[in-house]
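As structure tokens, the structure follows; a few thoughts come after it.
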Amino acid sequence: MIAISCEELKLSFGTEVILDGVSFSLNEGEKLGIVGVNGAGKSSLFKLITGEYVPDSGSVYLSKDKTVGILTQNVGFDGEGSVWDATVATFSSLVSMEERLDALHREMEAGSAEAASRYTDLWKQFDRAGGPQFRSRCRGILKNLGFPEEQWGEKVSSLSGGQKTRLALSCLLLRDPDILMLDEPTNHLDIDALFWLEEYLRASHKTVLVVSHDRYFLDRVADHILEIEHKKGKLYTGNYSVFAEKKRAEREIAERHYQNQQKEIARQEAYIEQQRRWNRERNIIAAESRLKLLDKMEKLDRPDALPEKIRMRFESPGESGNDVLRAIRLGKSYPGRPLFREIGFLVSKRERLFLAGPNGCGKSTLIRLLAGRDEPERGEIDYGSNVEIGYYDQENQQLDEKNTVLDEVWDKYGRMTETEVRSALALFQFRGDDVFKRVSVLSGGEKARLTLTKLILGRMNLLILDEPTNHLDINSREVLEEALEAFDGTLIAVSHDRYFIKKLATRILAFPKEGGEAVGVTATGEGSLLDYRGTYEDFLRFREEHAASNEAEKTSDEPISENKAKYLDRKKANAEERKAERRLKNAKERITAVEARITAIDGEMNASDGTDYVALAALEAEKNALEEELLGLYETVEEMEGL
């Protein structure tokens, strides 16, 4: 059954068209990811669906009796109540019933028979509505979305913008609407909370619409993707990776058909021109005949140009020494809040080190220490020879709000000419009068691009980046990833963008999941920072296996509840499913590599003059071994795909 449908939606403000003819529909339980560059109209589409905006034309249909809940980017969540009060207030009707039950209980103790009867009826109603469980649901949601118990008593008014967004998301999930609309829900979640939210949404039977630049999240949650591009919308079936491949293939086909038609048109026009030059009666007739056929041809439009991407390339002033940075017994804390002590590690040339851990554990603090923006309470940081540092601050606090865009860059690089500065800004899509905008009026994405412009103009061989993908759309994130892959220096970064980490990381320094003070650095992370050398996917496998081992030890000698047993079984099943997916992917990748090597061996053997019998025998033996391995891989893939 259709849960939501949009037909030919058009929206404009004055002469500026925002959306033009956007149509899609979702069945109950389907999960839609909405993507597009910053400013494409994604949030405007949400406002059309909720009725905040009225479309110029078109219509929105919501299934009868379906409730809708929305999470916006700028949450107006305030009040003098506590975090716990705001969460429990989601169940105001149950709280009222609870108060009436307490009052009836007091009357029963006073001997009222009527109160006992009313208490029984009300309790049944309270129980059916989930009354005995609602507080435990509140506790579970708060913990999973990054609110430790000690924070539940804090006033909502004292929370940061990101914390208010997480609280609003907690309350929205507790209300459990039939249709969930989430605008950038992953912006303020740490990686553990992201994994939890993904599993929650995947298991949910609710209809979900989510605007997000988090490709990893969209891959795991979405089963449909709506791309908004050039004011139009196009719906794809599948997750983000499927969408990206389909779009690439469709565009390639459309471009090829267009080019082929243009060649045919050019050929026909040349024929017509030639016949006209000959100017005989039969030539004129032939030319007119071809011209009529050409006029009847259905002309293909050239595919629209892709949205323009920023362009960047990091250049270094020369190589640093092999030892780039050494942290020695570092310690840092805030009043009543210890972060870490006795932290020590060495970063070597060309490493890609990422810091991981829950919000508030000290990742950004450690990044600022390493970049020299803050001083440690204890310990020291030694930099290697010829190290030049470039630092990216996630809050863009290095920007002067009073400056224009042009002056912001020119003030730092005064030796550049205005033309050179404007050319650099143009690479980051600041053109024309854009360069005269005040920094104070820029959007989050524009400030991020301006900070990257300043960073790119400096020549450095150590990049220290704090959440560099925040506020960037998917196109810009991909460009940044490509630039960092090509960067010939060393990278230290904090990021919650798992796609970004997966593509770049060669080493993970992970803070304890439980929070609290981190002491020292170990290879297992027991109560300390975990120093894991390997890819992000390898790190996740290690952490999952480590956690499963600890859980098994913890529960082996103690009875567990039925609900917890089901949770552990589901968690184990999910882990097994992910292992199977990884095994299938690795097998397919290995098949490609083996087939390529066998082809190469055949080429080497055919090119040989046949006199080097030893080399030929070695190639033949290698080929036989590979062919045997290939048969096993084929069987593995066939078996796993048949499951």
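The values are calculated or read from the model by the stated rules, or taken from the named source; none is laboratory data. Everything numeric here is computed off the predicted structure, so don't read it as measured data. Backbone-built Cβ (ideal geometry, glycine too); neighbour counts: all protein chains shown. Note: areas computed on protein heavy atoms with side chains; ligands, DNA, RNA excluded. Shrake-Rupley method; radii C 1.70, N 1.55, O 1.52, S 1.80 Å.
Pairs LYS234/LYS309; LYS246/LYS447; LYS363/LYS402: which are spaced more than 23 Å apart, C-alpha to C-alpha? Spell out each step's value before the answer.
Working: LYS234/LYS309 20 Å; LYS246/LYS447 32 Å; LYS363/LYS402 30 Å.
Among LYS234/LYS309; LYS246/LYS447; LYS363/LYS402, the Cα-Cα distance tops 23 Å for LYS246/LYS447; LYS363/LYS402.
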Computed label-point distance, nm, for sites GLU16 and GLU544 using a 7 Å Cα→Cβ extension: 4.5 nm
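Highest mean first, how do 329-339, 385-395 rank when packing is the count of other Cβ atoms within 10 Å averaged over residues?
Numbers: 329-339: 13.9, 385-395: 17.5.
Highest mean packing first, the order is 385-395, 329-339.
May I ask you to compute the full-extension gain from LYS124 to MET1, defined as 0.36 nm times their residue separation minus their alpha-carbon distance, rounded to one decimal in nm? It would help to have the intermediate numbers written out before the result.
On the way: separation 123, 0.36 × 123 = 44.28 nm, distance 3.24 nm.
This chain segment gains 41.0 nm when fully extended.
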Segments 272-283, 193-204, 471-482 sorted - mean Cβ within 10 Å per residue, highest first: 471-482, 193-204, 272-283
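What's the ranking of 170-181, 530-541 by average number of surrounding C-beta atoms within 10 Å, highest first?
Values: 170-181: 19.6, 530-541: 18.0.
By packing density, highest mean first, the sequence is 170-181, 530-541.
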DSSP bridge pairs, the stretch 161-249: antiparallel proportion in percent, nearest 5: 55 percent
Value of [θ]222 nm, deg cm²/dmol, for the chain, DSSP H segments ≥ 4, -39500 (n - 2.57) each, nearest 500: -15500 deg cm²/dmol
Mean accessible surface per residue for the chain, computed with a 1.4 Å probe while every protein chain stays in place, in Å²: 52 Å²
Principal axis dimensions, largest first and in whole angstrom, of the stretch 7-134 by Cα: 73, 34, 24
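Hey, any idea what % of the chain's accessible area is carbon plus sulfur with a 1.4 Å probe? List each step's numbers first, then the result.
Values: 16090 of 33710 Å².
Roughly 48 percent of what the probe reaches on the chain is carbon or sulfur.
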Antiparallel DSSP beta bridges within the chain, percent to nearest 5: 50 percent
